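Got a structure here, written out as structure tokens. Questions coming.
The values are calculated or read from the model by the stated rules, or taken from the named source; none is laboratory data. The structure presented is a predicted model; accordingly, all values stated were derived computationally and were not measured. All Cβ positions, even for glycine, are placed from backbone atoms using ideal geometry, and neighbour counts span all protein chains on display. Side chains included, ligands, DNA and RNA excluded: accessible areas come from the protein's heavy atoms. Shrake-Rupley method; radii C 1.70, N 1.55, O 1.52, S 1.80 Å.
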Amino acid sequence: MTFPLRLTPLTLASICLVTTCVLPAGTVHAQNTAVSLSISLTGTGRISSEPAGIRCDNTCVGNFNAGTNVTLTATPANKYMTLGSWGGACSGSGPTCVVTMNAAKSVTASFKYLNVQPIGQIGAPVTVKWKAPSTRADGSLLGGLAGLTGYKVYGSKTQYDLTPALLATVQNPLALSASINGLATGTWYFWASATTTDAESELQYLNQAVVRAATP
């Protein structure tokens, strides 16, 4: 008696069980695929990551293996600033955020200035004046007012304070003075910086002024 021969159809999977083969593109899912994490900041501060890959003062992109938990840490630029809020793949206002990189992600971080709390008696308003800048922070010519967006005025009761408090933001590139209210009486020292569409210039010392008691 003879029996009919039954042939089992050969499939790609069965062939690969008995021999070495290269599967067509699309049949193998690569391990540790890199996915991107985009960071965008407003205000002045820095975002760094663990594992390393992000160290960002403005806008940047880092690549991480798929599935990695990335811890982002927000560091304000000075003692007068704080993190306002996270956005995108992060939320809240805590100093750290963990992002699971199961796909490309984007995160925003907004830094803000703390309110200046004057100590002692509040004095009369003071007018602070400055000259229009001619160079950028790197020494290159500014080229007129092109790209200039305004000024920031800083002050301190300490003459050589390296981190003076922000007292006023002037969003007018043509303005060359600002009236400062709410300062405590005593001697104050003032600095100013110019803001452009892409950066803030270094602080320039202006002068000192005595804030006198306001007239009743």
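Which one is farthest from the chain's Cα centre (by Cα) among residues in segment 65-88 that are assigned to a strand (DSSP E or B) and among the hydroxyl-bearing types (Ser, Thr, Tyr)?
Thr71
Can you report the number of residues in segment 50-69 which are open to solvent by 50 Å² or more (accessible area, probe 1.4 Å) and hydroxyl-bearing (Ser, Thr, Tyr)?
1
Going through segment 169-194 one residue at a time, which ones are part of a strand (DSSP E or B) and open to solvent by less than 20 Å² (accessible area, probe 1.4 Å)? Break it down into steps so the answer makes sense when it comes.
Applying the first criterion (part of a strand (DSSP E or B)) to segment 169-194 yields 169-170, 177-180, 184, 186-194.
Ala178, Ile180, Ala184, Trp188, Phe190, Ala192, Ser193, Ala194, listed by residue number.
I've got another one for you. Pairs please, first residue from segment 95-108 and within 12 Å of Leu72 (Cα to Cα), second anywhere and open to solvent by 50 Å² or more (accessible area, probe 1.4 Å) and among the basic types (Lys, Arg), Cβ atoms under 9 Å, 6+ apart in sequence or on different chains.
Val99/Lys105
Right, next: Suppose the filter is modelled with pLDDT under 80 and farther than 30 Å from Val35 by Cβ; does Gln121 pass it?
In short, yes.
Could you please let me know if Leu72 is at pLDDT below 95, closer than 28 Å to Thr195 by Cβ and surrounded by 13 or more Cβ atoms within 10 Å (Cβ to Cβ)?
Values: at pLDDT below 95: no; closer than 28 Å to Thr195 by Cβ: yes; surrounded by 13 or more Cβ atoms within 10 Å (Cβ to Cβ): yes.
When the stated conditions are applied, Leu72 does not pass them.
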